[in-house]
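This report refers to the structure that appears directly beneath it.
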Amino acid sequence: MPQGDLQKTVWVLFAMAAVIIIPAALTLRTVEDPGTLQITSPDPTPLGYTWSLLLFIVPLVAVAWWFLRHPDCSFQRGSFWRTVLVLVPLGFILDFLFGNTFFKFTNHGATLGIEIPAVGGGIPIEEFIFYLTGFMVVLLLYIWADEYWVAAYNVADYRKEAGEVPKIVRFHVHSVVVGIVLLIAAVVYKKFFSEVPDGFPWYFTYLVLASFIPSAGFLRSVQRFINWRAFSVTFFMMLLISLLWEATLGVPYGWWDYHHEVMMGIFIGAWRELPLEAVLVWLAVTYTSVIIYEVIKVWRASGKSIRAAFFG
């Protein structure tokens, strides 16, 4: 795809998001006195968190059935599993090291009661299943869209173009600048405009680093290999699932909640003070997953050794 068309496609993607996000945000801001959910039962959602994982498992199984049987996707399957091995540990590390710093789990009846030891206390096993299935379904949805739903917009001769990439690791200064600006803006907002100025926006910082470190190192080389239309399909599907899952069920019923002092301080009152980070995480997850997947595909398609492919 010519560079001009690529830039236009990316801007169209942001415009699609904006025409949904802006009116939604303005409407949500009209809720000045949010109603509260009155829960009278000590166990209002027995195993609710456990059953809710079907929101990820069912589409995962459906797309995996197509993916694993497709005769022309053997190369993509190898790249998929390697990407999973890179991404899933990121989610596990988040839970092991920062799970109890960022989140709290108060409705114990919503889980199986099996906890994995982590820093600061046990974490429900459902959290780890979520990260495993979440990353897998993001990747599978992107691959399905790239290879089938909007296949007309993927790279026609992937191996040829991958072989022409001099090296995958190439510094992308715009990603670094945007990441720094976002972090500064989050800190300034929290300290001077937020209702919870104490603490530091650590969760937002984690999301920025998890997204913009891969972007800073790889986007310049792989952006033309990304099927941005497939990316948009994946992002909007995951955002829809997450809003049903989190804003409607998870937070209102106490399956999990957030420590406000480590958030940037933008909360959505109509959604039981859901922090903005809970929405942004799906953009970060989709963006990072797609970049890492395409990086691994380019490396494998180039036919070069890891060192030669990444560093020239």
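Would a scan of region 177-194 turn up a residue that is of a type in the set (A, V, I, L, M), in contact with a strand residue (DSSP E or B) (Cβ under 9 Å, 6 or more places away or on another chain), surrounded by fewer than 21 Cβ atoms within 10 Å (Cβ to Cβ) and farther than 30 Å from Gly303 by Cα?
Looking for residues that are of a type in the set (A, V, I, L, M), in contact with a strand residue (DSSP E or B) (Cβ under 9 Å, 6 or more places away or on another chain), surrounded by fewer than 21 Cβ atoms within 10 Å (Cβ to Cβ) and farther than 30 Å from Gly303 by Cα, one finds none in region 177-194, hence no.
Tally the residues that are more than 22 Å from the chain's Cα centre (by Cα) and over 19 Å from Leu68 (Cα atoms), restricting the search to region 136-168.
16
So which residues in region 152-195 are in contact (Cβ under 8 Å) with a residue 12 or more places away in the chain, within 22 Å of Leu13 (Cβ to Cβ) and small (Gly, Ala, Ser), if there are any at all?
Answer for region 152-195, where residues must be in contact (Cβ under 8 Å) with a residue 12 or more places away in the chain, within 22 Å of Leu13 (Cβ to Cβ) and small (Gly, Ala, Ser): Ser175, Gly179.
Which numbered condition in (1) closer than 30 Å to Phe67 by Cβ; (2) out of contact with any Pro (no Cβ under 6 Å at 6 or more places or on another chain); (3) part of a helix (DSSP H, G or I) is the only one that Tyr189 fails?
Tyr189 satisfies all of (1) closer than 30 Å to Phe67 by Cβ; (2) out of contact with any Pro (no Cβ under 6 Å at 6 or more places or on another chain); (3) part of a helix (DSSP H, G or I) except (1).
Among the residues of region 104-125, write down those that are assigned to a helix (DSSP H, G or I) and buried (at least 23 other Cβ atoms within 10 Å of the Cβ).
Ala110
Evaluate region 67-79: report whether one residue or more is under 19 Å from the mean Cα position of the chain (by Cα) and of a type outside the set (Lys, Arg).
Checked region 67-79: at least one residue is under 19 Å from the mean Cα position of the chain (by Cα) and of a type outside the set (Lys, Arg).
Within region 257-290, which residues are farther than 29 Å from Asp146 by Cβ and charged (D, E, K, R)?
Passing the criteria: Asp257, Glu261, Arg272, Glu273.
List every residue pair whose Cβ atoms lie under 6 Å apart, where the two residues are 6 or more positions apart in sequence or sit on different chains, the first residue falls within region 29-52 and is within 16 Å of Trp271 (Cβ to Cβ), and the second residue, located anywhere, is assigned to a loop (DSSP other than H, G, I, E, B).
Leu37/Pro252
State whether one or more residues within region 153-168 are farther than 27 Å from Lys304 by Cα and either at pLDDT 95 or above or aromatic (Phe, Trp, Tyr) (or both).
Within region 153-168, none of the residues are farther than 27 Å from Lys304 by Cα and either at pLDDT 95 or above or aromatic (Phe, Trp, Tyr) (or both).
Taking Tyr131 and the conditions (1) over 16 Å from Phe56 (Cβ atoms); (2) at pLDDT below 95; (3) buried (at least 17 other Cβ atoms within 10 Å of the Cβ), which numbered condition does it fall short on, given that it satisfies the others?
(1)
With the requirement that a residue be over 30 Å from Ala152 (Cα atoms) and β-branched (Val, Ile, Thr), what does region 226-273 give you?
Thr248, Val251, Val262, Ile266, Ile268
Tell me yes or no: at least one residue of region 248-256 is in a loop (DSSP other than H, G, I, E, B), on the phi > 0 side of the Ramachandran plot, buried (at least 21 other Cβ atoms within 10 Å of the Cβ) and out of contact with any Pro (no Cβ under 8 Å at 6 or more places or on another chain).
Scanning region 248-256 turns up at least one residue that is in a loop (DSSP other than H, G, I, E, B), on the phi > 0 side of the Ramachandran plot, buried (at least 21 other Cβ atoms within 10 Å of the Cβ) and out of contact with any Pro (no Cβ under 8 Å at 6 or more places or on another chain).
Can you tell me which residue among Ile292, Ile226 is assigned to a helix (DSSP H, G or I) and either modelled with pLDDT under 90 or not basic (Lys, Arg) (or both)?
One residue alone meets the criteria, Ile292.
Any idea which of (1) assigned to a helix (DSSP H, G or I); (2) buried (at least 19 other Cβ atoms within 10 Å of the Cβ); (3) not polar (S, T, N, Q) is the one Lys160 doesn't satisfy?
(2)
How many residues does region 60-103 contain that are surrounded by 14 or more Cβ atoms within 10 Å (Cβ to Cβ), in a helix (DSSP H, G or I) and among the aromatic types (Phe, Trp, Tyr)?
7
Please determine whether any residue of region 277-289 is in a helix (DSSP H, G or I), closer than 18 Å to Gly134 by Cβ, modelled with pLDDT under 95 and more than 18 Å from the chain's Cα centre (by Cα).
no
The values are calculated or read from the model by the stated rules, or taken from the named source; none is laboratory data. A quick note: this is a predicted structure, and the numbers were derived from the prediction, not measured. No Cβ is skipped: glycine too gets one built from the backbone with ideal geometry, and neighbour counts run over all protein chains shown.
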